[in-house]
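Please read the structure below before turning to the comments.
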Amino acid sequence: MPPCPLPVICLAGPTGSGKTATALALAEALGGEVINADSRQVYADFPLTTAQPSPEEQAACPHHLYGFLPTGQKISAGIWAEAATRAAREILGRGRVPLLVGGTGLYFQALLRGMALIPPVDPCLTAALTQEMEERGPAPLHAELAQADPPYAARIHPNDRQRIVRALEVWRGTGRTFTWWHENAMSPAPCAGPLLVLDASLAWLEPRLARRLDLMLEAGAVDEARRALKACDDASAPGWSGIGCAELLAHLKGRLDLGQCRALWLHHTRSYAKRQITWFRARPEARWIAPDAPQNAVALARSLWPGPR
């Protein structure tokens with residue numbers, strides 16, 4: 001028999017919806033520790049651009065899986081789920097509550113529903129696709145993915161080189177789409193618990209996203225990207241594919257002036273928030289809470305917490 005899933009609390013929501021503040025309220029009230037569930041916030045070179053919790057916020061309670069990867073290293077939902085499950089088990093062992101916090105829907109899916117049992121893909125195919133991405137750019141390969149696997153292509157950013165290559169290598173290597181594998185061949189879920197989602201509308205988010213982006217630029221996002229470029233000048237590196245990172249790289253390479261960079265960054269951020277809202281709206285297990293009422297999140301989490309009290 002597979003092991004019993006570990007009890008956790010998941011807090012999700014679109015970018016800019018206030019997950020960090022709500023997570024800190026949950027951690028204080030429940031005796032929790034935060035585990036990152038955002039695929040961009042794993043990168044060490046971009047704490048500001050990816051809106052990782054500040055050092056002061058991380059000092060309020062233990063935080064895990066933030067800023068631990070170099071820009072050149074890729075991460076998959078499976079790798080993340082294994083690391084998050086280990087962290088959750090250790091947190092439970094300390095008698096505390098694991099709080100999974102982020103906006104990457106596939107991460108929550110891997111944790112609460114299990115992983116697709118996709119067979120290994122020939123490394124030569126991966127290398128060929130990576131070279132093709134380098135030569136042709138993401139647009140034509142994303143278009144190919146949209147033809148082969150429309151649901152998955154619609155969920156990822158058209159410039160997300162890492163996920164496009166992964167989905168296409170699965171399609172070309174197995175003859176089955178990413179979506180098919182996730183619907184038909186899943187491993188047991190390693191964790192169980194409520195999925196709390198901040199109910200932030202796009203209209204509510206838009207001015208906050210613009211303000212947050214301006215604050216990032218004022219705080220030194222361009223300098224952060226410049227330092228990251230010195231550490232990794234490979235534009236195809238996974239860490240550069242994140243929203244904000246890609247636009248700042250284009251600015252540093254002289255392809256965009258700062259005004260164009262800001263406008264494109266905001267456009268992509270808004271589009272991403274819209275996709276996140278759509279994805280979480282389709283989750284029947286989601287429990288929606290107001291984005292500016294952490295006390296409501298605490299009350300709901302207390303009532304739904306599946307672990308020992």
Take residues that are farther than 24 Å from K74 by Cβ and tell me which of the helices (runs of 4 or more DSSP H) falling wholly in the range 202-296 contain 2 or more.
202-219, 221-231, 258-281
Listed residues L100, L129; which is crowded, with 20+ Cβ neighbours inside 10 Å, assigned by TED's automatic domain parsing to the domain that holds R172 and farther than 19 Å from S187 by Cα?
L129
Taking the range 8-26 only, how many residues are in contact with a helix residue (DSSP H, G or I) (Cβ under 7 Å, 6 or more places away or on another chain) and not in a strand (DSSP E or B)?
12
In the range 193-209, which residue that is surrounded by 16 or more Cβ atoms within 10 Å (Cβ to Cβ) and of a type in the set (A, V, I, L, M) is farthest from G259 (Cα to Cα)?
L195
Inside the range 134-153, can you point out the residues that are hydrophobic (A, V, I, L, M, F, W, C) and crowded, with 19+ Cβ neighbours inside 10 Å?
L141, L145, A153
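Any chance the range 86-94 includes a residue that's over 24 Å from K19 (Cβ atoms) and surrounded by fewer than 17 Cβ atoms within 10 Å (Cβ to Cβ)?
yes
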State all residues of the range 92-104 that are assigned to a helix (DSSP H, G or I) and either among the aliphatic types (A, V, I, L, M) or within 15 Å of G193 (Cα to Cα) (or both); if no residue qualifies, say none.
L92
Within the range 115-150, considering residues that are modelled with pLDDT of 90 or more and not in a helix (DSSP H, G or I), the one nearest to R161 (Cα to Cα)
G137
If you scan the range 134-155, which residues turn out to be under 22 Å from the mean Cα position of the chain (by Cα) and touching a residue at least 12 places away in the same chain (Cβ under 8 Å)?
P138, A139, L141, H142, L145, D149, P151, Y152, A153, A154, R155
Cβ-Cβ below 9 Å, separation at least six or inter-chain, first residue in the range 180-197 and farther than 14 Å from G102 by Cβ, second aromatic (F, W, Y) and in a loop (DSSP other than H, G, I, E, B): which pairs?
G193/W305; P194/W305
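Report, by residue number, each residue of the range 154-192 that is hydrophobic (A, V, I, L, M, F, W, C), farther than 21 Å from T85 by Cβ and surrounded by 17 or more Cβ atoms within 10 Å (Cβ to Cβ).
I156, I164, V165, A167, L168, V170, W171, F178, W180
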Cβ contacts < 9 Å: first residue aromatic (F, W, Y), restricted to the range 92-119; second residue part of a helix (DSSP H, G or I), any location; separation 6+ or different chain. Result?
Y107/A77; Y107/W80; Y107/A81; Y107/A84; F108/F280
Find the residue count for the range 286-302, including only residues that are under 9 Å from V197 (Cα atoms) and among the polar types (S, T, N, Q).
0
Check the range 156-164 and report whether any residue there is within 24 Å of S17 (Cβ to Cβ), in the same structural domain as Q260 (by TED's automatic domain parsing) and assigned to a helix (DSSP H, G or I).
no
What single numbered condition from (1) modelled with pLDDT under 95; (2) assigned to a loop (DSSP other than H, G, I, E, B); (3) within 24 Å of V8 (Cα to Cα) fails to hold for R40?
(1)
The residue that is farthest from R262 (Cα to Cα), considering only those in the range 215-224 that are surrounded by 13 or more Cβ atoms within 10 Å (Cβ to Cβ) and free of Cβ contacts under 8 Å to residues at least 60 places away in the same chain, is V222
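The values are calculated or read from the model by the stated rules, or taken from the named source; none is laboratory data. Keep in mind it's a predicted model, so treat the numbers as computed, not measured. Glycine also receives a Cβ, built like all others from the backbone with ideal geometry; neighbour counts cover every protein chain displayed.
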